[in-house]
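For reference, the structure discussed in these notes is given below.
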Amino acid sequence: MPAFIETQFPIARLSAEAYKERKAGASQTLTGLGKWWGRKPLILVRASILGMLMPASNDPKKDHEIFLKILTMDDAGAWDRCKPAVQRKSSRIAFDRLPYAERIADCERPENIEGPSAITWAEVNAHLGTTAKSLPELVEQLGQRTFGHTPRVGDSFCGGGSIPFEAARIGCEAFGSDLNPVAGLLTWSSLNIVGGGQIVRDELHDIFKNAFDTADRQITSWGIEHNEHGERAEMFLYCVEVKPEDCDYYIPLAPSWLISENLRSVVKWSRVESSDRLAPEVVTVSPIELDLYKKKKGATSKSGRVIDPFDANRSWSIEALRGPGGLRRWLNEDLVPCPDDVFQERLYCIRWVNSKGERRYAAPDDADLAREAKVLELLRDRLVDWQHKGFIPSKAIESGYNTDQPIRERGWSYWHHLFTPRQLLIYGCYLEFIGRAENARIAAAILLKLTVQANWNSKLCIWNPDKSKGPGSTEQTFANQALNTLVNYGTRSFWMLRDSLLKDFDTTDAPVFSSEVVVADARDIFQDCDIWITDPPYADAVNYHELGDFFLAWYDKQIAKIFPEWIPDARAELAVRGDGEYFRRSMVEIYRNLSRHMPDNGMQMVMFTHQDPSVWADLGMILWAAGLKATAAWTISTETAAGLKQGNYVQGTVCLVLRKRISSEPGFLDEVYPLVEDEVKRQIESMQALDEGGEPNFNDADYQLAAYAAALKVLTQYSNLDGKEVEHEVFAVRAKNEKSDFQTVIERALGIACDTLIPRGLEETWRDLSLVERYYLRALDIESRGERRQGMYEELARGFGVTDIKPLLKSDKANGARMYTPSGLASAGLAPVGGGDDAIMRRGRANSATHPFASSPLRHLLFAIRETTAADNSPEMGRQYLRDTFGQAYWGKRESFVGLLEWISALGNAEDMGEWAADSEAARILAGRLRNDHA
Ligand SMILES: C[S@@+](CC[C@H](N)C(=O)[O-])C[C@H]1O[C@@H](n2cnc3c(N)ncnc32)[C@H](O)[C@@H]1O
């Protein structure tokens, strides 16, 4: 019997909920524990597990209704989740009329609700033949029915822990495993801290207070954050300074010297007699001058160059200053630069607060510099002991794609070099408290508190002076997925960390059931699970093992004590990465291992967000080769794709549902094609229906991924195709452009998808267009909707079987792809060639002769538009050109020309399509002329 998720899935409502959860930022349930990249939305996990456990009946409508009720995503459920304030303002009728995404804007998220009401449970039970009064009871009963026990759900790439956490919260036995110990700690803590409820929150509350007070007493007695005026420091701003060979002084670097927009504070520099160091002064400027500083007045670091603060025409390349041999590598004991190093570092500004809460920025005075020196001395005295005990990092940075950046750009070769002496001193002082932790939970909580801070307070934290940041603040280290070094940065005082260090972790009061977390390579997992839900590392996205080391450097020796059975190392060599042969081999091994550790009636879900469909096709082949067959695929929109202009474009996560392939049925290509065709059409139509319903807005990539997935559903039922084994095909070595039969089927699916997706307004004409014409128009269609990624234009070309798109693309920049306009094509050398049925004209140039677009009627039509534009919108030349070119055939084509011209005339109105304004207007005028043409 198929599971509910193998027949349907409420993707519109789920997309809205998943999107809302991701948008909640810091108030997502697990984010407070610390940074991990690509956590999956909990609601998606909950719906996936329930969708796999709930059987499909022969009443799909009722199934749908009941499924939504279980998730409190039915109309009544959403209304009940609505905060009372909303309910007071709106009536139920008005509420139900809103689009779902608007309805839930002020609702509690379903994952924070214990479950449906008692009345609803009665309906659910009547339909499913259960007797549940809560989600865990339902899960238990459905699990018993299918597997004979409480269902066990596992994730072998558990990362931040979303999947095991949510599984345990709704009553499954949860198993989580990841190669990276940072992920292990986050997942363990999600289950044992967040999942621990009020009791754990209370226990930790006192611990956090105690740990903060202990360190605060020490820091206060050192006197490193207090001054003689009774103020306490909140922020310290540091910058790098360099002395180019032909310059008499060190130049302090910053891309902007604005300190605080709200306080109108800026830093100005001046020469000091008989010194090669400049002196900073913090000045309050007028609103007019503030504006200049916002526009980077006085910046001394710009586009990789050092600018002389007293002569903006003098500048030096930073790269060149590093010298041909690169920078000196810092040694473990280097806590600040050596006097001979190219890049020096200095404190240039401090923010103070007094007992009345009044704040001011000031340049450091002698007493402040003495305090800086004391910080360094205190740290030097403790370095050996603290590194030995693991209160500050002692690991060297291993070379890698992201980790090479700090090594190369600053010479930082140990992880503690990414922190100022102040940061190291206060963190070490705080972490000493871990010695008093009575259990693993307390020790883990202290560690997490510290590393949440480390993300917001390292030398990689940009200083942000914006209004939105109050008096100014630091950004997080991982504002993006890299280890970017900075020329100036903020450091928070211990006092500034107080709110965050004292804040309770959000915990959930829904009980969390049995769970196990291990740190292991997914190839070595030996635990059995009924359901595996995994979100494997994407081919080229995040270097988890490198970025995670930023945190692991702090956990290092502590983790070894708390979890002696875990290997406290990222084991980069085992991390799944890349997209080449190593990636494919590891993945086949891993998924084969997982299917070995699941019963014959078990299920898997693989989630995948990668935008490059060729990687996606690869993944399909991998799963197929691992002995799995796809039974359903759903695209849920989980997050906004960064970089796309129009805000309503969302990025889809494909959820592929799989089972073990038990029989070994052979497949034959000629039988497979029509099946693929039907499946792709069905999949796309269901997505289009959703788009029309106004809820999510899938983009082209989503449709393409869906087409691939649909093809996989058909293909993976067979154990071989025309006698060829899949595994052999996955690893076969091929010439660059050689395709396997499998790839051909998958690309055919893409072709079908491309054909099904007709740009709105071209439905009438589409059938009569050639493939290359369709390509040009579809490409324009995606361009007009803000798509600029070149890969998408190439992917489309594959779908339409167009091999050479260069002459059609005006710009083929990776993120700036654009098509030629009619006027632009003229200069591209792709002149129209030949005529229509009565071939009269031969205007083409030699290099156009081979390109199929050159001889297409659309090309001639575009030429006619250009003639119209060139003739100041007089349509006569253009019309005459078409009549000459097509002769009698003109009359047969006229109507479709008008349709195309009208479509083109609308292009100029789309956002960011200004280039089309003139040609669009000409198309409009020419359309009018053609419509009224008489023989
Ligand atoms: C996309 S993330 C998973 C995110 C997770 N689903 C969440 O919600 O936070 C992929 C994970 O795979 C892990 N990983 C990479 N190679 C691995 C391997 N060979 N075995 C186990 N885990 C691995 C990475 O450490 C990373 O945490």
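The values are calculated or read from the model by the stated rules, or taken from the named source; none is laboratory data. Keep in mind that this is a model prediction, so the values were computed, not measured. All Cβ positions, glycine included, derive from the backbone under ideal geometry; neighbour counts span all protein chains shown. Note: areas computed on protein heavy atoms with side chains; ligands, DNA, RNA excluded. Shrake-Rupley method; radii C 1.70, N 1.55, O 1.52, S 1.80 Å.
Which whole-number percent gives the relative contact order of the range 509-613, counting Cα pairs below 8 Å spaced six or more residues apart?
48
Could you please state, rounded to a whole Å, how far the C-alpha centre of the range 557-587 is from the C-alpha centre of the range 852-918?
Their Cα centres are 59 Å away from one another.
Given the protein chains as shown and a 1.4 Å probe, how many square angstrom of V384 are accessible, to the nearest 10?
120
Helix-only mean residue ellipticity at 222 nm, the chain, DSSP H runs n ≥ 4 weighted -39,500 (n - 2.57), per residue, nearest 500. What is it?
Calculated at 222 nm, the ellipticity per residue is -13500 deg cm²/dmol.
Can you give the accessible area per residue of the chain, in Å², using a 1.4 Å probe?
The answer is 40 Å² per residue.
In terms of Cα to Cα distance under 25 Å, which lysines are near enough to K296, apart from those fewer than 8 places away along the same chain?
The reachable lysines, counting only those whose Cα sits under 25 Å from K296, are K243, K268, K459, K467, K469.
What FRET efficiency do you get for W37 and E273 if R0 is 41 Å and r is their Cβ-Cβ distance, rounded to the nearest 0.05?
0.20
Return the lysines within reach of K69: Cα separation strictly under 25 angstrom, same-chain partners fewer than 8 residues apart disregarded; answer none if there are no such residues.
Within the straight-line cut-off, K69 pairs with K20, K23, K40, K61, K83, K89, K133.
Order the peptides 857-866, 653-662, 201-210 from the highest to the lowest mean number of other Cβ atoms within 10 Å of their residues.
Packing proxy ranking, top to bottom: 857-866, 653-662, 201-210.
Could you order peptides 868-879, 743-754 by the average number of other Cβ atoms within 10 Å of their residues, highest first?
Output ranking for 868-879, 743-754: 743-754, 868-879.
If I take every Cα pair under 8 Å that is 6 or more residues apart in the range 844-935, average their sequence separation and divide by the length, what percent do I get for the relative contact order?
Relative contact order, the range 844-935: 28 percent.
Is the shape of the range 85-142 best called rounded, prolate or oblate, per the rule: a/c under 1.5 gives rounded, else a/b larger than b/c gives prolate, else oblate, with a ≥ b ≥ c the square roots of the Cα gyration tensor eigenvalues?
Prolate, since a/c reaches 1.5 and a/b exceeds b/c.
Take the solvent-accessible surface of the protein heavy atoms, probe 1.4 Å, and return the percent of it on the chain that carbon and sulfur atoms account for.
Ligands and nucleic acids excluded, carbon and sulfur give 50 percent.
Relative contact order of the chain, please, whole-number percent, based on alpha carbon pairs below 8 angstrom and at least 6 residues apart.
11 percent.
Once a ≥ b ≥ c are taken as the square roots of the eigenvalues of the Cα gyration tensor of the chain, is the result rounded (a/c under 1.5), prolate (a/b larger than b/c) or oblate (a/b not larger than b/c)?
Oblate.
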